[in-house]
Amino acid sequence: MLHEDKYTITLDDDPTVAQLIAGFTQLHSHSFANAEEMLAKAASLSPLAVFVDVHLKNQGLGLDHIPKIRSVWPQAAILVITADTEPDLVGRALAAGANDFVLKPIAKPELLARLKARLCEMTVRNSSEFIELGSGRFNVRKRYIEAGGNTVYLSPLQAELLQVLLESEGVLVPKDVVKKAIWGKIAVSDNALDRRLSEMRKILRESACDMQIVSEYGKGISLQYRGAVMPRRIPA
């Protein structure tokens, strides 16, 4: 029997995928073929997890919608599903804010294992007030960094930028991906993002945190330990 009070959401132009996921998980999965329709109903929905197909008919890549999905359902696990075996997709999905990746045709044991792991992970993350930040820690709710006996407070936008970088720690993420995750469809220049990154670099130094923001011209930005090797790149 499907649990009425607990459910997932599936963004896929093939409605049978949601039916398959519901059958495997024994959780109803609200099916959407259109991202705009799904997000229009976001306020009335609170899913445990969201499954996002990479290739959506007439809508480009499902990955493009993940930053917005993450912002409207921050406590939900996001799992990307696709038959595309392009290796770069995994990195791009994680950089956009997804938690995991499931290949089609969907195998029940793999789906259940990955979903269970991600739900457990999100439960711990959502119940925790702090995220590790090298030798320091970041208080998500109160928006401050503690490191080496220092406490530095962040603005809401600075805190959001730090969380985006933490999601992809050690990976070079294109600036466009970062801007989309923070500002959505609002057009923001690279210079505006660079100013925010400069602020964050200063904050990390002032907090005595052993993390730093690394930029590679034309490729992206990354959060990493000081003195670490250059991170791998996620293609734009």
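Here's the yes/no breakdown for (1) at pLDDT below 80; (2) in contact with an Asp or Glu (Cβ under 8 Å, 6 or more places away or on another chain):
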{"residue": "Lys185", "(1), (2)": "yes, no"}
{"residue": "Ala208", "(1), (2)": "no, no"}
{"residue": "Pro231", "(1), (2)": "yes, no"}
{"residue": "Pro235", "(1), (2)": "yes, yes"}
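Can you confirm whether the range 64-74 contains a residue that is aromatic (Phe, Trp, Tyr) and assigned by TED's automatic domain parsing to the domain that holds Trp183? Before the answer, list the steps.
Within the range 64-74, the subset aromatic (Phe, Trp, Tyr) is 73.
Now restrict to residues that are assigned by TED's automatic domain parsing to the domain that holds Trp183: none.
For the range 64-74, residues aromatic (Phe, Trp, Tyr) and assigned by TED's automatic domain parsing to the domain that holds Trp183: absent.
Is there any pair with a first residue in the range 179-196 that is on the phi < 0 side of the Ramachandran plot and a second that is assigned to a helix (DSSP H, G or I) and among the β-branched types (Val, Ile, Thr) whose Cβ atoms are under 6 Å apart and which are 6 or more apart or on different chains, and what are they?
Ala181/Val164
Can you tell me which residue is modelled with the highest pLDDT among those in the range 1-12 that are in a loop (DSSP other than H, G, I, E, B) and surrounded by fewer than 21 Cβ atoms within 10 Å (Cβ to Cβ)?
Step one: list which residues in the range 1-12 are in a loop (DSSP other than H, G, I, E, B), which gives 1-2, 12.
From what's left, surrounded by fewer than 21 Cβ atoms within 10 Å (Cβ to Cβ): 1-2.
On the way: Met1: 39, Leu2: 49.
So, considering only residues that are in a loop (DSSP other than H, G, I, E, B) and surrounded by fewer than 21 Cβ atoms within 10 Å (Cβ to Cβ), the one modelled with the highest pLDDT is Leu2.
Going by the structure shown, is Val124 modelled with pLDDT under 85 and either more than 26 Å from Thr16 (Cα to Cα) or assigned by TED's automatic domain parsing to the domain that holds Ala77 (or both)? Full working, then the answer.
Working: modelled with pLDDT under 85: yes; either more than 26 Å from Thr16 (Cα to Cα) or assigned by TED's automatic domain parsing to the domain that holds Ala77 (or both): yes.
Criteria met by Val124.
For the range 13-129, which fully contained strands (runs of 3 or more DSSP E) count at least 1 residues that are farther than 27 Å from Ile182 by Cβ, of a type in the set (A, V, I, L, M) and touching a helix residue (DSSP H, G or I) at 6+ places or on another chain (Cβ under 7 Å)?
Because the criterion is at least 1 residues that are farther than 27 Å from Ile182 by Cβ, of a type in the set (A, V, I, L, M) and touching a helix residue (DSSP H, G or I) at 6+ places or on another chain (Cβ under 7 Å), no strands (runs of 3 or more DSSP E) in the range 13-129 meet it.
Taking the options Val188, Val164, name whichever one is of a type in the set (A, V, I, L, M), not assigned by TED's automatic domain parsing to the domain that holds Ala95 and not in a helix (DSSP H, G or I).
Val188
Evaluate the range 102-122: report whether one residue or more is more than 21 Å from Ala49 (Cα to Cα) and surrounded by fewer than 13 Cβ atoms within 10 Å (Cβ to Cβ).
Taking the range 102-122 as the starting set, the residues that turn out to be more than 21 Å from Ala49 (Cα to Cα) are none.
Checked the range 102-122: no residue is more than 21 Å from Ala49 (Cα to Cα) and surrounded by fewer than 13 Cβ atoms within 10 Å (Cβ to Cβ).
All but one of (1) touching a Gly at 6+ places or on another chain (Cβ under 6 Å); (2) within 30 Å of Thr25 (Cα to Cα); (3) of a type outside the set (Ser, Thr, Tyr) hold for Ala147, so report the exception by its number.
(2)
The values are calculated or read from the model by the stated rules, or taken from the named source; none is laboratory data. All figures in this text were calculated on a predicted structure; none of them were measured in a lab. In this analysis, Cβ positions are derived from the backbone assuming ideal geometry, glycine residues included, and neighbour counts consider all displayed protein chains.
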